[in-house]
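Worksheet: the structure to be examined is printed underneath.
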Amino acid sequence: METGTDRLRIDRAVDHPLAQVNERLKLREAKTGFGIALRYQERACDAPDAPAPNWCETRHSIFILAGRTHGRFDDHVVEAGPGDMLHIPPTSHTATSRVLWGAKWYATS
């Protein structure tokens with residue numbers, strides 16, 4: 001229902017299937033025509049002995065719906081769970097992230 005970027009835009013979840021990206025990630029993504037993406041993610045736990053994956057270096061805001069995640073940044077560590085919102089600045093950090101308990105979240109970038 002968009003006729004321009006200055007109008008209300010609605011993206012219905014049913015229009016964006018939940019895709020199995022790999023054995024640990026399911027993703028539903030809506031992209032706007034003006035540079036914002038909203039992603040719903042379901043992530044399985046990382047194995048305790050698995051190396052921490054590298055974190056993307058773009059700006060993100062993440063709202064945790066379920067589960068827990070752990071992030072290590074240059075000068076601090078963050079653990080977040082249901083109801084927490086994280087704001088991660090672009091490229092001003094070196095970070096790794098680990099899913100501690102199966103997590104579901106919304107992320108923007």
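The values are calculated or read from the model by the stated rules, or taken from the named source; none is laboratory data. All values derive from a computational prediction rather than experimental measurement. Note that we place each Cβ from the backbone using ideal geometry, even for glycine, and neighbour counts take in every protein chain shown.
Kindly list the number of the only condition in (1) closer than 15 Å to L100 by Cα; (2) modelled with pLDDT of 85 or more; (3) more than 16 Å from the chain's Cα centre (by Cα) that fails for L25. Here L25 clears every test but (3). Only a single item in (1) outside any loop (DSSP other than H, G, I, E, B); (2) out of contact with any strand residue (DSSP E or B) (no Cβ under 8 Å at 6 or more places or on another chain) is not met by I10, and it is number (1).
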